[in-house]
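Structure first, then comments.
The values are calculated or read from the model by the stated rules, or taken from the named source; none is laboratory data. Please read all numbers here as calculations on a predicted model, not as lab measurements. With ideal geometry, Cβ positions are generated from the backbone for all residues, glycine too; neighbour counts draw on all protein chains shown. For the accessible areas, the whole protein counts, side chains as well, though only heavy atoms, and no ligand, DNA or RNA atoms are used. Shrake-Rupley method; radii C 1.70, N 1.55, O 1.52, S 1.80 Å.
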Amino acid sequence: MPQCRKWPMKMKHQLNQALYNALKKLDVSVESIQLTPPKNPEFGDLSTNLALTLTKLLKKSPMEIAADIQQCLSVDTALISDITITPPGFINFRISPAYFQSLISQILKKGNQFGRGRTGENKTANVEFVSANPTGPLTVGHGRQAVLGDTVSGILEWHGYDVTREYYFNDAGRQMRMLGQSVEARYFQQLGQDISLPEDGYQGDYITAIAQNVLDTHGENLESGNPIFRKTAEDIIFGLIKSTLKNLGIIHDQFTNEKSFYESGAIDDTLQKLRDNNLIYEFEKATWFKTTALGKDQDRVLIKSTGEPTYRLPDMAYHRNKMDRNYDLVIDIFGADHIDTYPDVLSALDILGYDTEKVRVLIHQFVTLVRGGEKVKMSTRKGDYVTLDELTNEVGADVVRYFFIMRSMNSHLNFDLDLAKDHSDQNPVYYLHYAHARICNIIKHGESLGHKFTKDYNPSLLSHSSEISLLKQMDVFPEVMELALNTLEPQTIANYLQELATHFHKFYTDCKVITNDIPTTQARLALISAVRIVLANGLQILGLSTPERM
RNA sequence: GCCCCGGUAGCUCAGCUGGAUAGAGCAACGGCCUUCUAAGCCGUAGGCCACAGGUUCGAAUCCUGUCCGGGGUACCA
């Protein structure tokens, strides 16, 4: 087999260098050179718009400039098989098949390390997500954030970060008080008393079940206002939430309670520090944060006239706490309904001297549930919702996870329940699974015929156009992973894997792996082993399974 | 009013740090299994990339404005 050549990224690097050298000869300097694969493969494997960008500077036509550059260009002809110029002035490079063929040994050698970045090595990250107060079961609406947060965590881990998955909640406050009162009302109703739910009480059936539980374990003689009602509800519901998340393969490392910041004095301290900065004032018995002094269009209440803080103040204290824990990266994942809260938190952090560059806030748009062609309106309080558990149980964790990350978080997501359930066979996630299972099956089939994988395959036998494009697709994997890290947008990985699977399925129909042609069989076994690795790596980052048969 | 996100094929959406002929899945139509899994592959059809200006050699992509949808603009979280 040929020597392992350059590592994929180095390909671009080399060309970059060669182009810079050529420009030097022409006595031109530029800040950066763009080198991207052209849409139309007929133009080659990598193209640069360099000549187009230099027209103004050189006052020549881009075609002329491109020709000049090409004249001065010297490249490794073992790697670059062809250089062409096409209108309006692109310079195109065709990379020799040998380069792509040598990729296989790289992938096989690196295995589940292939495509891994080192950006996060020796760094820590905190990803806060879900953070729903335990007032009811998680709904499908929470699912998007849960999966998004876990997948973003996975991307960071892939690049070496030590990630803490964190859940922030509040077991004091109005919501939880209402929860306790709702349970209490159901409790007394079960004892035959004519008591109605509080006006804003929780109406779901689970409240009745919790009341029954209280009745069973604590008897009939509880008095109104006993904290047992709220406490029991919280315990039961939190247990439910954790199990819902676990069904999706999501486990938080840390649960942080807002209450702890009252107890530690962090909230008072935060307020005091802001006060020291002259950003706090009292008005109509409430305490205000003077955000207008920071360029915002209105001031915000931090402590209500009732003496109870709004969510903003504890949020600030909480974020200080996260910053104090010295993470290299702090990620908040919020739904679009929280979009207005974080700028104030960041302002506060900024004023208090924290490096807000470390904070990244990811906002995702809402999920609209569609059932029977109609939108389903949901409300936890009214007990009108589809739980995340119901969904997971019906279509499986992989489908749920994939549905939630296959689309950009910036887009509203229509989740068609009927489609997810009834047509689950045509779900795009199965397309990926199928590719993986097919590979496993071929390998198994080969083994049954005595074809053992050997390192002495000859990669130059992989010259079919389907084989080459499959190799090219794998070549790009590390770059896609890097992009995913920079943007923290999981759908780029999903899109990539779809394309990889497409290339594989195409290869599968065009080329038979196990044949009487031993050298070709061995080369193709090496090829699909590499594909399996890349597929599996991608699936693993997304938290999806890698079935060996379907 | 102001702020954020979106408006791309019949439907759901990719593509958006500017590049060459705008893509996928579903739905429609037509092909491909004596051969490693047809949960697959190939083909046909389907588009003023909301609209109008602007920047640029070049705009779905960047800027401005308008329209439409969603969210926020709470002493709810």
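Quick check on A:Ala67: is it over 24 Å from A:Val531 (Cα atoms) and open to solvent by 20 Å² or more (accessible area, probe 1.4 Å)?
Yes; evaluated as a whole, the condition is true for this residue.
Starting from residues that are farther than 23 Å from A:Leu156 by Cβ and small (Gly, Ala, Ser), keep the ones in segment A:297-335 and report whichever is surrounded by the most Cβ atoms within 10 Å (Cβ to Cβ).
A:Ala317
Which numbered condition trips up A:Asp340, out of (1) touching a residue at least 40 places away in the same chain (Cβ under 8 Å); (2) within 26 Å of A:Gly265 (Cα to Cα)?
All conditions are met except number (1).
Just checking, how many residues over segment A:125-140 are of a type in the set (Ser, Thr, Tyr) and farther than 24 Å from A:Met409 by Cα?
Selection size over segment A:125-140: 1.
So, in segment A:209-250, how many residues would count as being in contact with a helix residue (DSSP H, G or I) (Cβ under 7 Å, 6 or more places away or on another chain), in a loop (DSSP other than H, G, I, E, B) and surrounded by fewer than 20 Cβ atoms within 10 Å (Cβ to Cβ)?
3
Quick one: count up the residues across segment A:60-102 that are within 12 Å of RNA strand B (Cβ to nearest atom), in contact with a Leu (Cβ under 7 Å, 6 or more places away or on another chain) and within 14 Å of A:Met11 (Cα to Cα).
Qualifying residue count, segment A:60-102: 1.
Filter segment A:110-146 for residues that are under 21 Å from A:Ala484 (Cβ atoms) and part of a helix (DSSP H, G or I) and give the result.
The answer is A:Lys110, A:Gly111, A:Asn112, A:Gln113, A:Gly143, A:Arg144, A:Gln145, A:Ala146.
Looking at A:Arg549, A:Arg524, which is the one that is more than 29 Å from A:Leu156 (Cα to Cα), surrounded by 22 or more Cβ atoms within 10 Å (Cβ to Cβ) and of a type outside the set (Asp, Glu)?
A:Arg524
Quick check: anything in segment A:26-39 among the charged types (D, E, K, R), within 30 Å of the chain's Cα centre (by Cα) and near RNA strand B (Cβ under 10 Å from one of its atoms)?
Yes, segment A:26-39 has at least one match.
Taking only pairs six or more apart or across chains, which ones have beta-carbon atoms under 7 Å, a first residue in segment A:175-197 that is without any contact (Cβ under 8 Å) to a residue 12 or more places away in the chain, and a second residue that is among the aromatic types (Phe, Trp, Tyr)?
If the second residue must be among the aromatic types (Phe, Trp, Tyr), the pairs left are A:Ile195/A:Phe188.
Quick one: A:Pro519 ticks every box in (1) under 22 Å from the mean Cα position of the chain (by Cα); (2) away from RNA strand B (no atom under 13 Å from the Cβ); (3) surrounded by fewer than 21 Cβ atoms within 10 Å (Cβ to Cβ) except a single one, so which number is it?
Unmet condition: (1).
When you go through (1) part of a helix (DSSP H, G or I); (2) near RNA strand B (Cβ under 9 Å from one of its atoms) one by one for A:Val370, which number turns out not to apply?
(1)
Could you figure out which of (1) assigned to a helix (DSSP H, G or I); (2) under 30 Å from A:Leu542 (Cα atoms); (3) among the polar types (S, T, N, Q) isn't true of A:Thr256?
Going through the list (1) assigned to a helix (DSSP H, G or I); (2) under 30 Å from A:Leu542 (Cα atoms); (3) among the polar types (S, T, N, Q), A:Thr256 breaks only (1).
Search segment A:279-296 for residues being charged (D, E, K, R), part of a loop (DSSP other than H, G, I, E, B) and over 16 Å from A:Thr341 (Cβ atoms), and hand back the single one that is least open to solvent (accessible area, probe 1.4 Å).
Across segment A:279-296, the extreme among qualifying residues is A:Lys290.
Conditions (1) outside the structural domain of A:Thr492 (by TED's automatic domain parsing); (2) in contact with a Phe, Trp or Tyr (Cβ under 6 Å, 6 or more places away or on another chain); (3) not in a helix (DSSP H, G or I), marked per residue:
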residue: A:Leu148; (1), (2), (3): yes, no, no
residue: A:Glu157; (1), (2), (3): yes, no, no
residue: A:Val183; (1), (2), (3): yes, yes, no
residue: A:Gln193; (1), (2), (3): yes, no, yes
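Just give me the residues in segment A:331-344 being assigned to a helix (DSSP H, G or I) and away from RNA strand B (no atom under 12 Å from the Cβ), in sequence order.
None; the set is empty.
Taking segment A:141-152 on its own, how many of its residues are farther than 20 Å from A:Tyr342 by Cα and surrounded by 24 or more Cβ atoms within 10 Å (Cβ to Cβ)?
Total meeting the criteria: 4.
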